[in-house]
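Visitor: Please see the structure below; I have some questions.
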Amino acid sequence: MDGSVLKEALNISDLLGEHGAQFQISTKYNDHGGEFFMEDDYGSADEDEDAHRKIMSPWDRSFDELRAQMFMVSEFVYKRITKQGVGEELVPDRARVTIDYNGYFESETYAFDSTSMRGEFKTFTIGKDEVVGGLEEAVKSMKPSEEAQFVIGYQVLFGELGCKPRIKPKADALFIVKLVSFTDPGDAEALDKLTQEEKMTYAVVKQKVTDTRTHAKDFFKRNMVANAINDYHKAVNFLERCNVKDEEEQKEQTETLISLYTSLAVCYNKKENPRRACSMINEIRRLGNIDRMSRPLFHEGRALMNLGEYQRAKTSLLKAQRLEPTNKDIVKELKILNERWEKHRQEERTICARAFGLKERKDERQTDEQIKFTETMTKTLEAFVEDEKSKQLTLPEGLTSKEMDTIQDLADGFALKLNLHKENSKDFYRLEKKTVGGENEK
């Protein structure tokens, strides 16, 4: 029989604390289921589905079969590396570590504990009993950025009795763990001794920003864009409030802020919030000359295109292209822009034709020049009607009969009167507004 599903993830730290943990079981659970300019812009389009898959166990057979494919870390901890870490250094005692993990009991489909479900990584100090002993032992065998699977015996987890009703007696568990980062013991202890003012210096904040940014990138890779946005904003707040001591730190702070705001623009574009994306680009303008930054210009162009600001979008994308003339992503985006813009023009023409009663004549097709003349005159008449001070609009000489027909149709739509006048032995046409009381009806 499959185990019950929690309404919320169970936190191991709370479970081990002196007050224990409270949890609710769901009885209505539904079982259904970097490119240059976008270094963070990847992942599936369905965040919920992606997160749902993330908390499902990758193993549906017995733990004994899984142990047979692993190597022994200790008597009760077995390991299989799924992604090699960086460097040779393992996590030392007293280190401050940050991990991303999911925990599964044998024969159960869904995680009993999951940082993915909570939407935040787990940070703890080795040797302070902040997590169960088996998980700490597993983490100590890892290198930075390593990803691994561990089968951990009940002896170093929840013991023989477990924690009924959720945790059965003698419950072994499978943990899927990624070591996001760790801080050397000396650095962690030194940080604890700093004053509040010292903690706000750029040198200290820089590491905090690096860790937070790493978390944000990892969230983005897993398509948890809202969590990535939250962490990117945290990193920005850290940097904006820190104290820099010289021009070199000021320059580095500015460059990092530009990169963070660019990543936020990427995220907001992905979340289909182009206005917020444009706000992030405006923050970059505050920090430097954006006309020298191809990536922000690219994402500004994308945001403006999604807002329907096609001319401004083209300007931004062309500026980016001048900086990176061979970049295929800009070429692709410009092609998308041109297609959308032309479709928009066609829709405007259709609306214009319906609004002002312009009918297609049989065996007559408007040339591009005629279409452009209609659009120009429509804008001119709109401006004339909106200008309360203007009462008359004199038309230019030399208009063709077809152009006069177009103007007559437009004038009818705008409730304007087209009159013929003579002056100095010359005929000319003038549009006049129809005033209340019929002053012009003579």
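Visitor: Can you give the accessible area of GLU248, probe radius 1.4 Å, in Å² rounded to 10?
Guide: 140 Å²
Visitor: While we're on this one: Roll a 1.4 angstrom probe over the protein heavy atoms and tell me the percent of accessible area of the range 257-326 that is carbon or sulfur. If you can, show how the numbers build up before the last one.
Guide: Working: 1280 of 3140 Å².
Ligands and nucleic acids excluded, carbon and sulfur reach 41 percent.
Visitor: DSSP loop GluC sites (Glu not before Pro) in the range 89-168 with at most 10 other Cβ atoms within 10 Å of their Cβ, which ones? Can you show the working numbers first?
Guide: On the way: sites: GLU89, GLU106, GLU108, GLU120, GLU130, GLU136, GLU137, GLU146, GLU147, GLU160; in loops: GLU89, GLU106, GLU108, GLU120, GLU130, GLU146, GLU160.
Listed in order of number, the matching sites are GLU160.
Visitor: Ok, one more. Would you mind checking LYS83/LYS206; LYS217/LYS319; LYS122/LYS208 for any pair whose Cα atoms are more than 22 angstrom apart? Write out the running numbers ahead of the final one.
Guide: Working: LYS83/LYS206 27 Å; LYS217/LYS319 27 Å; LYS122/LYS208 15 Å.
Correct reply: LYS83/LYS206; LYS217/LYS319.
Visitor: Let me ask something else about it. What's the FRET efficiency of THR367 with LYS170 using the Cβ-Cβ distance as r and R₀ = 60 Å, to the nearest 0.05?
Guide: Details: r = 84 Å, r/R0 = 1.41.
Plugging the Cβ-Cβ distance into 1/(1 + (r/R0)^6) gives 0.10.
Visitor: Pull out the extension gain between LYS128 and GLU348, defined as 0.36 nm times the separation in residues minus the alpha carbon to alpha carbon distance; nm, one decimal. Please report the intermediate quantities before stating the final value.
Guide: Working: separation 220, 0.36 × 220 = 79.20 nm, distance 6.70 nm.
Length gained between LYS128 and GLU348: 72.5 nm.
Visitor: With a 1.4 Å probe and all protein chains left in place, how much accessible area per residue does the range 192-273 have, in Å²? If you can, show how the numbers build up before the last one.
Guide: Numbers: 4180 Å² over 82 residues.
Value returned for the range 192-273: 51 Å² of accessible area per residue.
Visitor: How high is the relative contact order of the range 76-146? Use alpha-carbon pairs under 8 Å, at least six apart in sequence, and give a whole percent. Present the calculation step by step, with values, prior to reporting the outcome.
Guide: On the way: 92 pairs, mean separation 33.8, N = 71.
48 percent.
Visitor: Follow-up question, since we're still on this one. Which far-off residues, 5 or more places away or on another chain, put their amide H under 5 Å from the one on GLY288, with H placed in the peptide plane?
Guide: Excluding prolines and chain starts, which carry no amide H, there are no hits.
Visitor: Once you sort the root eigenvalues of the Cα gyration tensor of the range 196-301 as a ≥ b ≥ c, which label holds: rounded (a/c under 1.5), prolate (a/b larger than b/c) or oblate (the other case)?
Guide: Numbers: a/c = 2.43, a/b = 1.32, b/c = 1.84.
Oblate, because a/c is 1.5 or more while a/b does not exceed b/c.
The values are calculated or read from the model by the stated rules, or taken from the named source; none is laboratory data. Being a predicted model, the structure only gives us computed values, none of them experimental. Quick reminder, even Gly has a Cβ in these numbers, built from the backbone with ideal geometry, and neighbours come from all protein chains shown. Remember, those area values only see protein heavy atoms, side chains included, never the ligands or the DNA or RNA. Shrake-Rupley method; radii C 1.70, N 1.55, O 1.52, S 1.80 Å.
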